[in-house]
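Here's the structure, in structure tokens; my notes come after.
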Amino acid sequence: MPDEVDEPPDHHELEHNARFQHSWKRWHREFLTDLREHNASSSRQTDRCIVEVGDIVLVSMEGKKRNQWKVGVVEKLIRGRDQQVRGAHVRVVTKGKKSYLDRPVQRLYTIEVKSKE
């Protein structure tokens, strides 16, 4: 079987990749920073639940950059003895398979979109 020869990318492909990279970097730089600031100011409001069932959240992962955090959907809230929301059971996709994480609310950052499920 002959060796396959990789052709160099054409001009349109290079341009598409450059636009994608620009958009991705801008999204991470602007949106995620705003999201963090929004959550920091929201968490000061003690009368408001930080996350709700159905919220789409970024799950903070220790030792990883924000653009590597997982995106998930809050399935269930975890309450303490005082009935305050202390954590959440979050559905994420890992390597194409559903998995679940229990995380404290301090590690969850809501995205301004609600799940339809």
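Taken together, the values in this text are just the output of simple stated rules run on the coordinates, not laboratory data. What you are looking at is a predicted structure, and each value in this text was computed from that prediction instead of being measured. No Cβ is skipped: glycine too gets one built from the backbone with ideal geometry, and neighbour counts run over all protein chains shown.
Below are the figures for this structure:
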read-out	value
Computed E for Ser23/Gln106 - FRET, C-beta separation, R0 41 angstrom, nearest 0.05	0.90
Extended-chain gain in nm, criterion 0.36 nm per residue less alpha-carbon gap, Glu75 and Glu15	17.6 nm
Region 12-114: relative contact order in percent, alpha carbon pairs under 8 Å with at least 6 residues between	25 percent
Extended-chain gain in nm, criterion 0.36 nm per residue less alpha-carbon gap, Ser60 and Lys98	11.9 nm
